[in-house]
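To start, the structure under review is shown below, and the notes come after it.
The values are calculated or read from the model by the stated rules, or taken from the named source; none is laboratory data. Because the structure is predicted, anything quoted here is derived from the model rather than measured. Neighbour counts are summed over all protein chains in view; Cβ atoms, including those assigned to glycine, are modelled from backbone coordinates with ideal geometry.
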Amino acid sequence: MRVLVTGGAGFIGSHLCEALIGRGDEVTVLDNFDAAYDPALKEANIGSLDVSLIRGDVRDRDALDTALDGADVVVHLAALAGVRESLKDPAAYASVNVDGTVKLLEALRDRGCVPLIFASSSSVYGARTGGPFRETDSVDWPESPYAATKRSAELMCHAAHQSYGQQVTMFRFFTVYGPRQRPTMGIARFVRMALSGEAIPLYGDGSSARDYTYVDDVVRAITMAVDKPQAEAVLNVGGSEPIRLDGLVQAVGEACGVDVKVEHQGSQPGDVPLTWADPSAIQSVLGWSAEVSLKEGLRRYVDWVKCSAG
């Protein structure tokens, strides 16, 4: 099978490419090496992989047409990521995450609607204090520009399915972590600070909770969807085991083998009090469930960080 992975040089994308190549698929990567994720790190992510690499932007129709040549399925991971970063430049997020998705959908329509797997986010659920979150829940009020762009892109995918039969699986990822994650992401920062003896920032009163998903579990969900395209599906990808922020900080300390220090700070704009996946739908549709616990995932990540440091 020939798979196009947009954003394939990034965190999730590079792991996915490894998995696809490992099972014998041909992989094309379309990536613009945007500075939002250090291009040197992305070069390292993808450098040793046997992929057809196209350096281009998902908003560029010529680049898309070149990348789509011969594709049997498309995994659309290319996006500007990060809630807090989106507050600084909403227009850029709308351009890449919404317009880029629309450009891809147009190109797919002109090629007979090659099946699409779209990476959405748990952030579309907005601010909730109870859970778990189900795909049938209302998602009308995003808390950040990033969340709004992901919800908007979902709607455009739905419209493409309704209008001309585009096959699309939309995954709502719940806080993915693991080797190669962006250095600005929470677990990456916390581990780096814990190992160097710095105080870890504890935002608010530490009661906010997140459902964390190890990258290997996410890649497994994507490969399952590659093998089993849906007419249209919206599916949570998460383990349904949220942990409070103060509990996460302690878990990071345990994984690092250190007593962590914390520095209390105010709540952050755009943050939500809770993310909590109900994985019932993806279990039913694809037979997927999370396998890597947070404790095990943190251990693997810390081992990778230490190994990478030499």
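Check Met224 against each of (1) aliphatic (A, V, I, L, M); (2) surrounded by fewer than 18 Cβ atoms within 10 Å (Cβ to Cβ); (3) within 22 Å of Glu296 (Cα to Cα) and name the one condition it does not meet. All conditions pass for Met224, except number (3). The residue that is farthest from Pro145 (Cα to Cα), counting only those in segment 49-85 that are part of a helix (DSSP H, G or I) and modelled with pLDDT of 95 or more, is Thr66.
Scanning segment 1-48 for residues that are assigned to a helix (DSSP H, G or I), over 16 Å from Ala221 (Cα atoms) and touching a Ser or Thr at 6+ places or on another chain (Cβ under 7 Å) turns up Asn45, Ile46.
Between Gly270, Gly253, Gly266, Gly257, the distinction of being farther than 19 Å from Ser122 by Cβ and touching a residue at least 60 places away in the same chain (Cβ under 8 Å) belongs to Gly266 only. In the set Leu298, Leu294, only one residue is among the hydrophobic types (A, V, I, L, M, F, W, C), touching a residue at least 12 places away in the same chain (Cβ under 8 Å) and closer than 16 Å to Ala194 by Cα; that residue is Leu298.
Across segment 29-59, which residue is surrounded by the most Cβ atoms within 10 Å (Cβ to Cβ) among those that are closer than 13 Å to Leu77 by Cβ and not acidic (Asp, Glu)? Looking at the filtered set, the residue picked out is Leu30.
Of all residues in segment 275-297, those that are touching a Ser or Thr at 6+ places or on another chain (Cβ under 7 Å), small (Gly, Ala, Ser) and not in a loop (DSSP other than H, G, I, E, B) total 1.
Reported count of residues in segment 175-195, each being at pLDDT below 95, in contact with a Leu (Cβ under 9 Å, 6 or more places away or on another chain) and either surrounded by 22 or more Cβ atoms within 10 Å (Cβ to Cβ) or assigned to a loop (DSSP other than H, G, I, E, B) (or both), is 2.
Of the residues making up segment 282-310, those that are within 22 Å of Thr169 (Cβ to Cβ) and surrounded by fewer than 17 Cβ atoms within 10 Å (Cβ to Cβ) are Gln283, Ser284, Val285, Gly287, Ser289, Glu291. Has segment 152-174 got any residue that is part of a strand (DSSP E or B), β-branched (Val, Ile, Thr) and more than 30 Å from Ala231 (Cα to Cα)? No, segment 152-174 has no match at all. Check Ser280, Ser196, Ser284 and return the single one that is free of Cβ contacts under 8 Å to residues at least 40 places away in the same chain, over 21 Å from Ala147 (Cβ atoms) and within 23 Å of the chain's Cα centre (by Cα). Sole residue among the options that is free of Cβ contacts under 8 Å to residues at least 40 places away in the same chain, over 21 Å from Ala147 (Cβ atoms) and within 23 Å of the chain's Cα centre (by Cα): Ser284. Here segment 86-136 is the region considered, the condition is being touching a Phe, Trp or Tyr at 6+ places or on another chain (Cβ under 7 Å) and among the small types (Gly, Ala, Ser), and the residue that is modelled with the lowest pLDDT is Gly131.
Given (1) under 26 Å from Asp227 (Cβ atoms); (2) touching a residue at least 12 places away in the same chain (Cβ under 8 Å); (3) among the charged types (D, E, K, R), identify the lone condition not met by Asp137. Going through the list (1) under 26 Å from Asp227 (Cβ atoms); (2) touching a residue at least 12 places away in the same chain (Cβ under 8 Å); (3) among the charged types (D, E, K, R), Asp137 breaks only (1).
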